[in-house]
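Read the structure below first, then the notes.
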Amino acid sequence: MKLATFIRTAALTLLASTTLAFAQERGTADEAKAMVEKALVHAKAVGPEKAYADFSDKDSGKWVSKDLYIVVLKYDGTILAHGVNKGLLGKNLIDVKDPNGVYFTKEMIESGKKGGGWTEYGFTDPVTKKIAAKSSYSKAIPGADAVIGV
């Protein structure tokens, strides 16, 4: 009886710690919005070109947190900065749809131009590497014809 109780307690402890660790890998909506605001301040302080290079440097640890990272999209859909995949720099994703037919790049740009907003779509999750539901917050960069998204 004591052994069964010990095993049950150990299993619950392991499950709780695994769940907690997984939860810590995910950023919150507030953290995403705060990262966008921080990136806007940085772009204004150092200029867009320097900021885009900074945002694309995933090894700096400054612009990637948990599963959150910066993406900068030019209004025509070209990726100017990407926090986890430099291979996408210069690519135009304006006509790319998610598995459900959502033109997520267009939607991110439009919501960003309207003062900031959320886009819901499916995309490769940076943690699991599988297609998953994703939310991105984006906001226009004043004077740059681009939006910053997280």
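Taken per residue, the accessible surface of the stretch 52-101 reaches 51 Å², heavy atoms only and a 1.4 Å probe. As a calculated quantity, the FRET efficiency between D76 and N100 at R0 = 25 Å, using C-beta atoms, amounts to about 0.60. Within the stretch 63-87, what residues put their amide N at less than 19 Å from the label point 7 Å along the Cα-to-Cβ vector of A34? The answer is 63-71, whose backbone nitrogens lie closer than 19 Å to the label point.
Within the straight-line cut-off of under 15 Å between alpha carbons, the aspartates and glutamates reachable from K113 are E37, D76, D145, sequence neighbours fewer than 8 places apart in one chain being disregarded.
As a length-normalised measure over Cα pairs under 8 Å and 6 or more apart, the relative contact order of the stretch 19-115 settles at 19 percent.
Seen from K139, the other residues with C-beta closer than 10 Å to its C-beta sum to a net charge of +2, counting Lys and Arg as +1 and Asp and Glu as -1. Counting only lysines at least 8 places from K66 when in the same chain, those with an alpha carbon closer than 20 Å to its own are K33, K38, K58, K86, K129, K130, K134. Report the local net charge at E37: Lys and Arg +1, Asp and Glu -1, summed over other residues whose C-beta lies under 14 Å from its C-beta. Net of charged neighbours comes to +2.
For the stretch 37-128, a Kirkwood radius taken over Cα pairs fed into Stokes-Einstein (10 °C, viscosity 1.306 mPa s) yields D = 115 µm²/s. The alpha carbon gyration tensor of the stretch 40-89 gives principal lengths a ≥ b ≥ c with a/c of 1.5 or higher and a/b no greater than b/c, which makes the shape oblate.
The values are calculated or read from the model by the stated rules, or taken from the named source; none is laboratory data. Because the structure is predicted, anything quoted here is derived from the model rather than measured. FYI the Cβ positions are ideal-geometry reconstructions off the backbone, even for glycines, and counts take in every protein chain you see. Surface areas here come from the heavy atoms of the whole protein model, side chains and all, with no ligands, DNA or RNA. Shrake-Rupley method; radii C 1.70, N 1.55, O 1.52, S 1.80 Å.
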